[in-house]
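Taking it in order: structure first as structure tokens, then the write-up.
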Amino acid sequence: MAAMSDVETRWLGADSILFATAHRPWPLPTAPWVMTQLWKDLLFLHYPVDPQLLRPLVPDALTLDTYEHQAWVSVVPFLITRLRPPGVPAVPWLSSFPELNVRTYVSYKGKPGVYFFSLDAGNLSAVWGARVFYRLPYWHADMKIKGKGSLIIDYSSKRIHGPKPAEFAATYGPTGPVRTAVPGSLASFLTDRYCLYAWNRKKLYTSEIHHLPWPLQEAKAVVGNNTMAQVSGIEIDEHDAICHFSRKLKVLLWAPERLL
């Protein structure tokens, strides 16, 4: 038997997580996935927000999810690497870049997912590609990461195009052992989500996501500047933040489907 090429090996590596599905709340899509990514050095900054204040900012078609009657908004900085479609090798200048998103937690007809208020990325081509294909509110930003893969990471972002001021600067890192979220816990509510929703020109879309259970660690973050939620009309208090860290997670994404 002929040896597999590097491209074939990487393709199989991405595909291998399709065999782990017991943790998912619904079956995998029958269609093939269209993109894989590796998320690295990811920080979750979770903030409690009054549901009555957040509800007007979420499309009426979506149900705002709450945990013990509390809504949540998360600011999530991380590094995307190895972005590529199936069977195609990653291209360094296009396949690796920082991303920073602001999100909340919603459902549509009982199916829980994530709704993004904004997504900033350090690669202009990725911004326009995601805007066109996934219909998500991506913006281009000047972003820097120092200390990749270390215990202390410095992350900064300043939006170039789009609503401003949208800036973020923090030093963060893990402080505890790796664990997966206990089903029914707040950590599970905030992270065990396997689809996203996008509202674009009065149309609702969804995209399926697959990954293994999040390898989470308790984290410490020193936030120097964070106007990412504020620019979307959301008031948060840094003293209320719950922090989680994840070193890396392989992700598969499917093409968007229109719901409404």
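Restricting attention to region 20-54, the residues being surrounded by 14 or more Cβ atoms within 10 Å (Cβ to Cβ) and free of Cβ contacts under 8 Å to residues at least 24 places away in the same chain number 1. Filtered by the rule that a residue be open to solvent by 40 Å² or more (accessible area, probe 1.4 Å), under 24 Å from Ser185 (Cβ atoms) and among the aromatic types (Phe, Trp, Tyr), region 67-112 gives a lone residue, Tyr67.
Pairs are defined by a Cβ separation below 6 Å, a sequence spacing of at least 6 or placement on different chains, a first member in region 217-244 that is open to solvent by 40 Å² or more (accessible area, probe 1.4 Å) and of a type outside the set (A, V, I, L, M), and a second member that is part of a strand (DSSP E or B) and modelled with pLDDT of 95 or more; the pairs so defined are Gly224/Ala169; Asn225/Glu167; Asn225/Ala169; Glu238/Val223; Asp240/Tyr47; Asp240/Pro48. Scanning region 57-66 turns up no residue that is open to solvent by 20 Å² or more (accessible area, probe 1.4 Å), modelled with pLDDT of 95 or more and within 14 Å of the chain's Cα centre (by Cα).
Residue count for region 55-64 satisfying the condition of being without any contact (Cβ under 8 Å) to a residue 24 or more places away in the chain and not in a helix (DSSP H, G or I): 1. Of all residues in region 65-90, those that are closer than 21 Å to Trp33 by Cα have Cβ atoms under 7 Å from Cβ atoms of residues that are hydroxyl-bearing (Ser, Thr, Tyr) and open to solvent by 20 Å² or more (accessible area, probe 1.4 Å), 6 or more apart or on another chain, in Ile80/Ser96; Thr81/Ser96. Exactly one residue among Leu204, Leu249 is of a type in the set (A, V, I, L, M, F, W, C), in contact with a Phe, Trp or Tyr (Cβ under 9 Å, 6 or more places away or on another chain), part of a strand (DSSP E or B) and under 16 Å from Gln37 (Cα atoms), and that residue is Leu249. Are any of the residues in region 220-230 in a loop (DSSP other than H, G, I, E, B) and of a type outside the set (S, T, N, Q)? Yes, some residue in region 220-230 is in a loop (DSSP other than H, G, I, E, B) and of a type outside the set (S, T, N, Q).
The values are calculated or read from the model by the stated rules, or taken from the named source; none is laboratory data. What you see is a predicted model; the values in this text were computed from it and never measured. Glycine also receives a Cβ, built like all others from the backbone with ideal geometry; neighbour counts cover every protein chain displayed. Quick note on the areas: whole protein, heavy atoms, side chains included, nothing else; ligands and nucleic acids left out. Shrake-Rupley method; radii C 1.70, N 1.55, O 1.52, S 1.80 Å.
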